[in-house]
1. Are there any pairs with C-beta distances below 9 angstrom linking a residue in segment 334-346 that is touching a residue at least 60 places away in the same chain (Cβ under 8 Å) to a residue that is of a type in the set (Phe, Trp, Tyr) and in a loop (DSSP other than H, G, I, E, B), with the two at least 6 apart or on different chains, and if so which?
2. Would you point out the residue of segment 316-350, among those that are more than 23 Å from residue 366 (Cα to Cα) and among the β-branched types (Val, Ile, Thr), that is surrounded by the most Cβ atoms within 10 Å (Cβ to Cβ)?
3. In contact with a Lys or Arg (Cβ under 8 Å, 6 or more places away or on another chain), in a helix (DSSP H, G or I) and surrounded by fewer than 22 Cβ atoms within 10 Å (Cβ to Cβ): does that describe residue 297?
4. Out of 94, 82, 38, I need the residue that is part of a helix (DSSP H, G or I), under 29 Å from residue 156 (Cα atoms) and among the β-branched types (Val, Ile, Thr). Which one?
5. Return a yes/no flag: does segment 41-51 have any residue that is touching a residue at least 24 places away in the same chain (Cβ under 8 Å), in contact with a Cys (Cβ under 7 Å, 6 or more places away or on another chain) and not acidic (Asp, Glu).
6. When you scan segment 102-116, do you find a residue that is exposed (fewer than 14 other Cβ atoms within 10 Å of the Cβ) and more than 30 Å from residue 238 (Cβ to Cβ), even just one?
7. So which of 207, 261 is within 22 Å of residue 23 (Cβ to Cβ) and either surrounded by fewer than 16 Cβ atoms within 10 Å (Cβ to Cβ) or at pLDDT 95 or above (or both)?
Amino acid sequence: MNTEAAADREILRSLARRWMEHARDPVMGTRKRMWQAVHDLAPERPMILVETGSVDCFVEAKELRCVDPLLRAVERNMLETVRHADEVGDDIVVEPWFRLGWQMVLPSFGVDVETKPGLRGDNTASLGYTFNFPIKTPKDISILKRRQVGVDRPKTEAYRGILEDCFGDILPVRVGNYDPFLADSGDEGFCGNFFFGLTWQIYRFIGNDGLLYWLYDSPETIHELMRYMRDDRLALFGFLEREGLIVSNSDTQMAGPRAYGYVSSLPGPGQEGPILLKQVWGWAESQETINISPEMYKEFVLPYLAELSAKFGLIYYGCCEPVHDRLDLIMEAIPNLRSVSVSGWSDLGKVAEMLGKRYVYSRKPTPALISGSNPLWELAREDMVKTQRVTKDGCLEILLRDLYTVGGERGRLAEWVKMTKAVFGI
(Lines give C-alpha, C1' and ligand atoms only; values in the text may rest on other atoms or scores of the structure.)
Protein backbone atom coordinates (compact mmCIF):
# COMPACT_ATOMS: atom_id res chain seq x y z
CA MET A 1 0.00 0.00 0.00
CA ASN A 2 1.49 3.34 -1.02
CA THR A 3 1.69 6.36 1.26
CA GLU A 4 -1.35 8.14 -0.21
CA ALA A 5 -3.53 5.04 0.05
CA ALA A 6 -2.46 4.44 3.63
CA ALA A 7 -3.26 8.07 4.50
CA ASP A 8 -6.70 7.86 2.85
CA ARG A 9 -7.43 4.68 4.77
CA GLU A 10 -6.56 6.22 8.12
CA ILE A 11 -8.68 9.32 7.42
CA LEU A 12 -11.73 7.15 6.81
CA ARG A 13 -11.03 4.89 9.77
CA SER A 14 -10.93 7.90 12.04
CA LEU A 15 -14.27 9.11 10.68
CA ALA A 16 -15.72 5.60 11.00
CA ARG A 17 -14.83 5.57 14.71
CA ARG A 18 -16.60 8.90 15.23
CA TRP A 19 -19.59 7.65 13.19
CA MET A 20 -19.92 4.57 15.39
CA GLU A 21 -19.68 6.64 18.57
CA HIS A 22 -22.81 8.45 17.46
CA ALA A 23 -24.51 5.26 16.27
CA ARG A 24 -24.01 3.65 19.71
CA ASP A 25 -25.43 6.66 21.56
CA PRO A 26 -28.72 5.60 23.22
CA VAL A 27 -30.37 8.76 21.88
CA MET A 28 -30.38 7.18 18.42
CA GLY A 29 -32.76 4.45 19.59
CA THR A 30 -35.03 7.08 21.13
CA ARG A 31 -35.08 9.10 17.93
CA LYS A 32 -35.82 6.05 15.78
CA ARG A 33 -38.78 5.24 18.00
CA MET A 34 -40.11 8.79 17.71
CA TRP A 35 -39.63 8.96 13.94
CA GLN A 36 -41.52 5.69 13.65
CA ALA A 37 -44.27 7.02 15.88
CA VAL A 38 -44.83 9.99 13.56
CA HIS A 39 -45.04 7.76 10.49
CA ASP A 40 -47.30 5.35 12.39
CA LEU A 41 -49.65 8.32 12.93
CA ALA A 42 -49.22 8.16 16.70
CA PRO A 43 -46.63 10.92 17.28
CA GLU A 44 -44.87 11.53 20.58
CA ARG A 45 -43.76 14.98 19.41
CA PRO A 46 -42.87 16.81 16.17
CA MET A 47 -39.59 15.62 14.65
CA ILE A 48 -37.01 18.00 13.20
CA LEU A 49 -34.33 17.35 10.58
CA VAL A 50 -32.00 19.67 8.67
CA GLU A 51 -30.56 18.83 5.26
CA THR A 52 -26.89 19.72 5.57
CA GLY A 53 -25.55 18.28 2.32
CA SER A 54 -26.64 21.23 0.19
CA VAL A 55 -25.17 23.92 2.47
CA ASP A 56 -22.07 25.29 0.78
CA CYS A 57 -20.02 25.81 3.93
CA PHE A 58 -21.07 22.74 5.91
CA VAL A 59 -18.33 20.58 4.40
CA GLU A 60 -16.01 22.51 2.12
CA ALA A 61 -13.84 20.94 -0.57
CA LYS A 62 -10.72 22.43 1.02
CA GLU A 63 -11.36 20.36 4.16
CA LEU A 64 -11.26 17.02 2.37
CA ARG A 65 -7.95 15.19 2.55
CA CYS A 66 -8.45 11.90 0.71
CA VAL A 67 -6.74 11.70 -2.68
CA ASP A 68 -8.61 8.79 -4.26
CA PRO A 69 -11.84 10.16 -5.88
CA LEU A 70 -14.07 7.38 -4.51
CA LEU A 71 -12.66 7.67 -1.00
CA ARG A 72 -12.85 11.45 -1.18
CA ALA A 73 -16.59 11.19 -1.91
CA VAL A 74 -16.98 8.78 1.00
CA GLU A 75 -14.99 11.13 3.21
CA ARG A 76 -17.37 13.95 2.38
CA ASN A 77 -20.39 11.80 3.19
CA MET A 78 -18.91 10.61 6.47
CA LEU A 79 -17.68 14.02 7.57
CA GLU A 80 -21.06 15.56 6.84
CA THR A 81 -22.85 12.88 8.89
CA VAL A 82 -20.48 13.13 11.84
CA ARG A 83 -20.46 16.93 11.85
CA HIS A 84 -24.24 17.02 11.57
CA ALA A 85 -24.55 14.76 14.61
CA ASP A 86 -21.92 16.81 16.45
CA GLU A 87 -23.30 20.28 15.83
CA VAL A 88 -26.86 20.70 14.57
CA GLY A 89 -28.93 19.40 17.49
CA ASP A 90 -31.84 18.08 15.44
CA ASP A 91 -33.27 14.54 15.31
CA ILE A 92 -30.66 13.02 13.01
CA VAL A 93 -30.30 9.25 13.26
CA VAL A 94 -26.89 7.69 12.66
CA GLU A 95 -27.25 3.99 11.86
CA PRO A 96 -24.34 1.60 12.58
CA TRP A 97 -23.50 0.98 8.94
CA PHE A 98 -22.43 2.80 5.79
CA ARG A 99 -24.83 2.52 2.85
CA LEU A 100 -23.48 1.92 -0.65
CA GLY A 101 -25.91 2.12 -3.56
CA TRP A 102 -25.83 -0.35 -6.42
CA GLN A 103 -23.95 1.06 -9.40
CA MET A 104 -26.66 1.10 -12.04
CA VAL A 105 -26.32 1.00 -15.82
CA LEU A 106 -28.88 3.51 -17.05
CA PRO A 107 -28.59 4.24 -20.79
CA SER A 108 -29.82 7.48 -22.30
CA PHE A 109 -33.40 7.95 -23.42
CA GLY A 110 -32.22 8.32 -27.00
CA VAL A 111 -31.76 12.09 -26.69
CA ASP A 112 -28.98 14.06 -25.06
CA VAL A 113 -30.25 16.25 -22.24
CA GLU A 114 -27.53 18.81 -21.55
CA THR A 115 -27.45 20.83 -18.35
CA LYS A 116 -26.50 24.46 -18.81
CA PRO A 117 -25.41 26.34 -15.67
CA GLY A 118 -26.64 29.86 -15.14
CA LEU A 119 -24.01 32.58 -15.19
CA ARG A 120 -23.49 35.54 -12.88
CA GLY A 121 -22.53 38.98 -14.08
CA ASP A 122 -18.85 38.08 -13.79
CA ASN A 123 -19.45 35.03 -16.02
CA THR A 124 -18.99 32.53 -13.19
CA ALA A 125 -21.46 29.70 -12.65
CA SER A 126 -24.43 30.34 -10.34
CA LEU A 127 -26.70 27.87 -8.56
CA GLY A 128 -29.24 28.19 -11.35
CA TYR A 129 -29.28 25.99 -14.41
CA THR A 130 -31.35 25.10 -17.44
CA PHE A 131 -31.36 22.44 -20.15
CA ASN A 132 -31.15 22.22 -23.92
CA PHE A 133 -34.68 20.69 -24.13
CA PRO A 134 -33.86 18.38 -27.06
CA ILE A 135 -37.45 17.51 -28.04
CA LYS A 136 -38.60 20.61 -29.89
CA THR A 137 -41.86 19.47 -31.48
CA PRO A 138 -44.43 16.74 -30.77
CA LYS A 139 -43.10 14.76 -33.74
CA ASP A 140 -39.66 14.61 -32.09
CA ILE A 141 -40.84 12.21 -29.39
CA SER A 142 -40.29 9.43 -31.93
CA ILE A 143 -36.58 9.84 -31.10
CA LEU A 144 -37.09 8.46 -27.59
CA LYS A 145 -35.94 4.89 -27.01
CA ARG A 146 -36.87 2.30 -24.42
CA ARG A 147 -34.01 1.97 -21.97
CA GLN A 148 -32.53 -1.40 -21.09
CA VAL A 149 -31.37 -0.83 -17.53
CA GLY A 150 -28.76 -2.94 -15.80
CA VAL A 151 -26.56 -3.17 -12.75
CA ASP A 152 -22.78 -3.28 -12.63
CA ARG A 153 -22.30 -5.91 -9.96
CA PRO A 154 -18.51 -6.21 -10.34
CA LYS A 155 -18.06 -2.45 -9.95
CA THR A 156 -20.35 -2.37 -6.92
CA GLU A 157 -18.57 -5.32 -5.30
CA ALA A 158 -15.21 -3.69 -6.02
CA TYR A 159 -16.39 -0.53 -4.26
CA ARG A 160 -17.69 -2.59 -1.36
CA GLY A 161 -14.34 -4.36 -1.08
CA ILE A 162 -12.41 -1.10 -1.06
CA LEU A 163 -14.60 0.38 1.68
CA GLU A 164 -14.60 -2.79 3.76
CA ASP A 165 -10.83 -2.89 3.57
CA CYS A 166 -10.68 0.72 4.73
CA PHE A 167 -13.10 0.60 7.67
CA GLY A 168 -15.34 -2.48 7.50
CA ASP A 169 -14.06 -3.82 10.82
CA ILE A 170 -15.26 -0.59 12.47
CA LEU A 171 -18.28 0.42 10.37
CA PRO A 172 -20.01 -2.32 8.32
CA VAL A 173 -20.82 -1.61 4.67
CA ARG A 174 -24.30 -2.45 3.40
CA VAL A 175 -25.23 -2.50 -0.28
CA GLY A 176 -28.72 -1.82 -1.57
CA ASN A 177 -30.99 0.43 -3.67
CA TYR A 178 -29.48 3.26 -5.69
CA ASP A 179 -29.51 7.03 -6.04
CA PRO A 180 -31.69 8.00 -9.01
CA PHE A 181 -30.32 11.56 -9.21
CA LEU A 182 -26.64 10.67 -9.11
CA ALA A 183 -27.05 7.59 -11.28
CA ASP A 184 -28.77 9.57 -14.03
CA SER A 185 -25.98 12.14 -13.98
CA GLY A 186 -23.20 9.56 -14.21
CA ASP A 187 -21.88 10.19 -10.70
CA GLU A 188 -21.56 7.62 -7.94
CA GLY A 189 -24.39 7.36 -5.40
CA PHE A 190 -24.28 6.06 -1.86
CA CYS A 191 -27.94 5.90 -0.81
CA GLY A 192 -31.26 5.42 -2.52
CA ASN A 193 -34.95 6.00 -2.83
CA PHE A 194 -37.69 5.25 -5.36
CA PHE A 195 -38.32 8.61 -7.00
CA PHE A 196 -40.92 8.61 -9.78
CA GLY A 197 -39.88 11.86 -11.47
CA LEU A 198 -42.26 11.63 -14.44
CA THR A 199 -42.77 15.33 -15.15
CA TRP A 200 -39.29 15.98 -13.71
CA GLN A 201 -37.86 14.13 -16.72
CA ILE A 202 -40.46 15.25 -19.26
CA TYR A 203 -39.67 18.88 -18.42
CA ARG A 204 -36.05 18.17 -19.31
CA PHE A 205 -37.17 16.78 -22.65
CA ILE A 206 -39.60 19.51 -23.78
CA GLY A 207 -39.19 22.52 -21.48
CA ASN A 208 -41.84 24.54 -19.71
CA ASP A 209 -43.38 25.91 -22.92
CA GLY A 210 -43.89 22.41 -24.28
CA LEU A 211 -45.26 21.14 -20.99
CA LEU A 212 -47.85 23.93 -20.89
CA TYR A 213 -48.72 24.60 -24.54
CA TRP A 214 -48.89 20.99 -25.71
CA LEU A 215 -51.64 20.31 -23.18
CA TYR A 216 -53.79 22.37 -25.57
CA ASP A 217 -52.03 21.99 -28.89
CA SER A 218 -51.16 18.30 -28.71
CA PRO A 219 -52.71 16.68 -25.62
CA GLU A 220 -52.14 13.14 -26.86
CA THR A 221 -48.41 13.89 -27.01
CA ILE A 222 -48.41 14.68 -23.29
CA HIS A 223 -50.25 11.42 -22.58
CA GLU A 224 -47.73 9.56 -24.76
CA LEU A 225 -44.82 11.12 -22.85
CA MET A 226 -46.45 10.26 -19.53
CA ARG A 227 -46.99 6.66 -20.65
CA TYR A 228 -43.39 6.51 -21.84
CA MET A 229 -42.02 7.68 -18.47
CA ARG A 230 -44.45 5.48 -16.52
CA ASP A 231 -43.27 2.45 -18.48
CA ASP A 232 -39.64 3.44 -17.99
CA ARG A 233 -40.08 3.61 -14.21
CA LEU A 234 -42.07 0.36 -14.12
CA ALA A 235 -39.24 -1.33 -16.01
CA LEU A 236 -36.59 0.15 -13.71
CA PHE A 237 -38.38 -0.67 -10.46
CA GLY A 238 -39.31 -4.13 -11.76
CA PHE A 239 -35.67 -4.79 -12.62
CA LEU A 240 -34.55 -3.79 -9.13
CA GLU A 241 -37.10 -6.18 -7.63
CA ARG A 242 -36.31 -9.13 -9.93
CA GLU A 243 -32.57 -8.76 -9.42
CA GLY A 244 -32.87 -8.67 -5.63
CA LEU A 245 -31.33 -5.20 -5.39
CA ILE A 246 -33.94 -3.71 -3.06
CA VAL A 247 -33.37 -3.28 0.66
CA SER A 248 -35.70 -1.70 3.18
CA ASN A 249 -35.85 2.10 3.10
CA SER A 250 -37.61 2.25 6.47
CA ASP A 251 -34.52 3.91 7.91
CA THR A 252 -32.43 6.99 7.09
CA GLN A 253 -32.67 6.51 3.33
CA MET A 254 -34.94 9.05 1.72
CA ALA A 255 -38.57 7.92 1.70
CA GLY A 256 -39.19 11.37 0.22
CA PRO A 257 -37.17 14.57 -0.10
CA ARG A 258 -34.91 14.32 2.97
CA ALA A 259 -37.60 12.39 4.84
CA TYR A 260 -36.70 9.35 6.94
CA GLY A 261 -38.74 6.19 6.39
CA TYR A 262 -39.03 4.66 9.88
CA VAL A 263 -42.47 3.01 10.10
CA SER A 264 -43.77 -0.21 11.66
CA SER A 265 -45.96 -1.36 8.76
CA LEU A 266 -42.99 -2.00 6.42
CA PRO A 267 -39.95 -4.23 6.98
CA GLY A 268 -37.17 -2.52 8.87
CA PRO A 269 -33.47 -2.42 7.98
CA GLY A 270 -31.72 -5.78 8.06
CA GLN A 271 -34.80 -7.72 6.90
CA GLU A 272 -33.75 -11.18 5.68
CA GLY A 273 -34.76 -12.41 2.25
CA PRO A 274 -35.75 -10.46 -0.87
CA ILE A 275 -37.50 -7.12 -0.35
CA LEU A 276 -40.37 -6.34 -2.70
CA LEU A 277 -41.64 -2.99 -3.95
CA LYS A 278 -44.76 -3.53 -1.82
CA GLN A 279 -42.46 -3.44 1.23
CA VAL A 280 -40.81 -0.06 0.61
CA TRP A 281 -41.69 3.63 0.30
CA GLY A 282 -42.17 5.27 -3.09
CA TRP A 283 -41.92 8.99 -3.78
CA ALA A 284 -44.41 10.70 -6.11
CA GLU A 285 -44.45 14.39 -7.01
CA SER A 286 -45.10 16.75 -9.92
CA GLN A 287 -43.47 20.10 -9.26
CA GLU A 288 -43.35 20.98 -12.94
CA THR A 289 -47.16 21.03 -13.33
CA ILE A 290 -48.07 23.53 -10.62
CA ASN A 291 -49.25 25.97 -13.29
CA ILE A 292 -51.89 23.67 -14.71
CA SER A 293 -55.35 23.38 -13.23
CA PRO A 294 -56.32 20.59 -10.83
CA GLU A 295 -58.63 19.28 -13.56
CA MET A 296 -55.77 19.01 -16.06
CA TYR A 297 -53.51 17.54 -13.39
CA LYS A 298 -56.18 14.89 -12.75
CA GLU A 299 -56.40 14.05 -16.45
CA PHE A 300 -52.78 14.23 -17.57
CA VAL A 301 -50.61 13.45 -14.51
CA LEU A 302 -52.36 11.82 -11.58
CA PRO A 303 -53.41 8.53 -13.24
CA TYR A 304 -49.79 7.72 -14.05
CA LEU A 305 -48.57 8.61 -10.56
CA ALA A 306 -51.36 6.52 -9.06
CA GLU A 307 -50.46 3.51 -11.19
CA LEU A 308 -46.84 3.65 -10.02
CA SER A 309 -47.87 4.31 -6.42
CA ALA A 310 -49.91 1.11 -6.34
CA LYS A 311 -46.67 -0.88 -6.73
CA PHE A 312 -45.33 0.36 -3.38
CA GLY A 313 -46.13 -0.15 0.27
CA LEU A 314 -46.40 3.52 1.27
CA ILE A 315 -46.16 6.76 -0.66
CA TYR A 316 -44.57 10.08 0.17
CA TYR A 317 -46.09 12.80 -2.02
CA GLY A 318 -44.61 16.12 -3.05
CA CYS A 319 -41.50 18.21 -2.79
CA CYS A 320 -41.60 22.01 -3.12
CA GLU A 321 -44.87 22.39 -5.01
CA PRO A 322 -48.10 23.67 -3.43
CA VAL A 323 -50.61 20.86 -2.90
CA HIS A 324 -53.68 22.49 -1.33
CA ASP A 325 -55.65 22.83 -4.60
CA ARG A 326 -55.27 19.16 -5.62
CA LEU A 327 -54.67 17.28 -2.39
CA ASP A 328 -58.20 15.89 -2.34
CA LEU A 329 -57.56 14.33 -5.76
CA ILE A 330 -54.25 12.86 -4.60
CA MET A 331 -55.75 11.41 -1.42
CA GLU A 332 -58.51 9.72 -3.41
CA ALA A 333 -56.26 8.34 -6.15
CA ILE A 334 -53.45 7.05 -3.92
CA PRO A 335 -54.89 4.94 -1.07
CA ASN A 336 -51.44 4.06 0.31
CA LEU A 337 -50.49 7.73 0.72
CA ARG A 338 -48.87 8.31 4.11
CA SER A 339 -46.83 11.55 4.03
CA VAL A 340 -47.41 14.85 2.22
CA SER A 341 -44.79 17.55 1.67
CA VAL A 342 -46.05 20.98 2.74
CA SER A 343 -43.84 23.79 1.45
CA GLY A 344 -44.24 27.50 2.00
CA TRP A 345 -46.15 27.71 -1.29
CA SER A 346 -49.04 25.71 0.20
CA ASP A 347 -51.95 27.01 2.24
CA LEU A 348 -50.64 25.66 5.55
CA GLY A 349 -53.94 25.72 7.39
CA LYS A 350 -56.02 24.20 4.61
CA VAL A 351 -53.56 21.34 4.16
CA ALA A 352 -53.48 20.71 7.92
CA GLU A 353 -57.29 20.42 7.97
CA MET A 354 -57.29 18.03 5.02
CA LEU A 355 -54.54 15.79 6.41
CA GLY A 356 -55.74 15.77 10.01
CA LYS A 357 -54.25 12.83 11.89
CA ARG A 358 -54.64 10.45 8.93
CA TYR A 359 -51.41 11.50 7.20
CA VAL A 360 -48.00 12.90 8.03
CA TYR A 361 -47.73 16.68 7.63
CA SER A 362 -44.18 16.90 6.27
CA ARG A 363 -43.47 20.60 6.65
CA LYS A 364 -40.74 22.26 4.56
CA PRO A 365 -39.84 25.65 6.09
CA THR A 366 -38.93 28.44 3.68
CA PRO A 367 -35.12 28.21 3.38
CA ALA A 368 -34.68 31.75 2.05
CA LEU A 369 -35.49 33.14 5.50
CA ILE A 370 -32.15 32.03 6.93
CA SER A 371 -30.14 32.01 3.70
CA GLY A 372 -27.71 34.58 2.36
CA SER A 373 -25.92 37.29 4.29
CA ASN A 374 -28.94 38.66 6.20
CA PRO A 375 -31.08 35.98 7.86
CA LEU A 376 -34.63 37.02 8.74
CA TRP A 377 -34.91 35.34 12.11
CA GLU A 378 -38.22 36.88 13.17
CA LEU A 379 -39.90 35.74 9.94
CA ALA A 380 -38.34 32.30 10.34
CA ARG A 381 -39.80 32.09 13.83
CA GLU A 382 -43.22 33.26 12.59
CA ASP A 383 -43.08 30.50 9.97
CA MET A 384 -42.70 27.92 12.74
CA VAL A 385 -45.27 29.58 15.00
CA LYS A 386 -47.84 29.36 12.21
CA THR A 387 -46.91 25.72 11.60
CA GLN A 388 -47.38 24.96 15.30
CA ARG A 389 -50.74 26.72 15.35
CA VAL A 390 -52.28 24.98 12.33
CA THR A 391 -50.96 21.47 12.94
CA LYS A 392 -51.85 21.32 16.65
CA ASP A 393 -51.51 17.65 17.64
CA GLY A 394 -51.17 16.32 14.08
CA CYS A 395 -48.47 14.00 12.78
CA LEU A 396 -45.76 16.56 12.13
CA GLU A 397 -42.22 16.35 10.84
CA ILE A 398 -40.24 19.49 9.99
CA LEU A 399 -37.59 19.10 7.31
CA LEU A 400 -35.44 22.15 6.60
CA ARG A 401 -33.85 21.65 3.20
CA ASP A 402 -32.66 23.42 0.04
CA LEU A 403 -30.36 25.70 2.01
CA TYR A 404 -27.48 26.52 -0.28
CA THR A 405 -25.69 29.40 1.37
CA VAL A 406 -25.82 30.65 4.94
CA GLY A 407 -23.25 33.42 4.65
CA GLY A 408 -20.46 31.11 5.76
CA GLU A 409 -22.15 30.63 9.14
CA ARG A 410 -22.99 26.97 9.50
CA GLY A 411 -23.90 27.66 13.14
CA ARG A 412 -27.17 29.09 11.79
CA LEU A 413 -28.45 25.55 11.39
CA ALA A 414 -28.14 24.82 15.10
CA GLU A 415 -29.61 28.24 15.88
CA TRP A 416 -32.64 27.49 13.70
CA VAL A 417 -33.12 24.10 15.40
CA LYS A 418 -32.91 25.68 18.85
CA MET A 419 -35.47 28.32 17.85
CA THR A 420 -37.83 25.72 16.37
CA LYS A 421 -37.60 23.48 19.42
CA ALA A 422 -38.48 26.46 21.61
CA VAL A 423 -41.57 27.21 19.51
CA PHE A 424 -42.78 23.62 19.91
CA GLY A 425 -41.73 23.30 23.54
CA ILE A 426 -39.23 20.51 22.85
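The values are calculated or read from the model by the stated rules, or taken from the named source; none is laboratory data. These numbers come from a predicted model, not from an experiment. Please note: Cβ atoms are built from the backbone with ideal geometry, for glycine as well, and neighbour counts cover all protein chains shown.
1. 338/359; 339/359
2. 330
3. yes
4. None of the others qualify; the one that does is 82.
5. yes
6. Yes, the conditions are met somewhere in segment 102-116.
7. Residue meeting the stated conditions: 261.
Residues checked against (1) of a type in the set (Gly, Ala, Ser); (2) in contact with an Asp or Glu (Cβ under 8 Å, 6 or more places away or on another chain); (3) within 30 Å of residue 4 (Cβ to Cβ):
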position	(1), (2), (3)
67	no, yes, yes
108	yes, no, no
121	yes, no, no
133	no, no, no
